[in-house]
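**Student:** Can you keep this structure in mind? I'll have questions shortly.
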Amino acid sequence: MSLSALDFFLEVDEEEKYNRIDLRRFRCYQDMAVIAYWRPFSRSPGIPPLDFQFLEIVPSERQLEIHAILKKYRDKVVAHSDVELMRIALHSIEVGEGIKIPHVIWDEGLDLLDIRYEWVAWLHLLTSKIIRRLFAEVEGIPSGSSIRQDYLNPD
C-alpha cells in the first residue's frame, strides 16, 4: 500500500503551482504512504512487529534516517497532533456587525518531497526482503494449506 500511495505522490512536479485541492490530494497520498509504511513496524495485538533482523537486512545510516523521519512524521503529524510539527493558522473574520467566524488554514504542504525517491528505493529493498521471507515461510507449510484472517467472514 505504501508503494501504491508513493507512486501517486511521485507525480508531484516541484515546478508546478498546485491549487489547494491538488495539494490536499498529494498530501493524502503522502500521509497514506507513511501510514502504510509504518503499519508492519508498529505493535499490534497478535501480530509481531516487523524488524530488520527478521528480514535479514542491515540498513545503511541513510536508510535508518529515512525510517526515523517517517516514524517521526507518522507519530507527530499523521497519527497524533503534536505541537512540535504542527502547522495551522486560525483567523477571525468579521461577517457582520459584531459577528465573527473562525477561518482555519490547515497545512497542505508536502513535507517529504525531498526523500521521496530514496523512500521508494528503500521500500523496494524492504519489499524484496519480505517476499524472500514469505517464500521461505511457505516452504515449511504443507501443500494445499492456507492461512486466512477475515473479520467480516470468520468461517
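Please treat every number below as a calculation from the coordinates, not as lab data. Fair warning: this is a prediction, and the values are worked out from it, not measured in the lab. In this analysis, Cβ positions are derived from the backbone assuming ideal geometry, glycine residues included, and neighbour counts consider all displayed protein chains.
**Student:** Determine whether ILE93 is in contact with a helix residue (DSSP H, G or I) (Cβ under 6 Å, 6 or more places away or on another chain) and more than 23 Å from ALA5 (Cα to Cα).
**Tutor:** no
**Student:** Right, something else. Please count how many residues of the range 106-117 are over 15 Å from SER4 (Cα atoms), part of a helix (DSSP H, G or I) and touching a residue at least 24 places away in the same chain (Cβ under 8 Å).
**Tutor:** Count: 2.
**Student:** Only one of these is surrounded by 14 or more Cβ atoms within 10 Å (Cβ to Cβ), assigned to a loop (DSSP other than H, G, I, E, B) and not hydrophobic (A, V, I, L, M, F, W, C): PRO154, PRO59, PRO142, PRO49. Name it.
**Tutor:** Going through PRO154, PRO59, PRO142, PRO49 in turn, just one is surrounded by 14 or more Cβ atoms within 10 Å (Cβ to Cβ), assigned to a loop (DSSP other than H, G, I, E, B) and not hydrophobic (A, V, I, L, M, F, W, C): PRO59.
**Student:** So in the range 1-46, with the set limited to residues that are of a type in the set (Ser, Thr, Tyr) and either on the phi > 0 side of the Ramachandran plot or part of a helix (DSSP H, G or I) (or both), which one is surrounded by the fewest Cβ atoms within 10 Å (Cβ to Cβ)?
**Tutor:** SER4
**Student:** Still on this structure, please answer the following. Conditions first: (1) outside any loop (DSSP other than H, G, I, E, B); (2) touching a residue at least 60 places away in the same chain (Cβ under 8 Å); (3) under 30 Å from ILE21 (Cα atoms). HIS103 passes all but one, so which condition is the exception?
**Tutor:** Checking HIS103 against (1) outside any loop (DSSP other than H, G, I, E, B); (2) touching a residue at least 60 places away in the same chain (Cβ under 8 Å); (3) under 30 Å from ILE21 (Cα atoms), the one that fails is (2).
**Student:** Among the candidates SER81, SER92, which residue alone is outside any helix (DSSP H, G or I) and touching a Lys or Arg at 6+ places or on another chain (Cβ under 6 Å)?
**Tutor:** SER92
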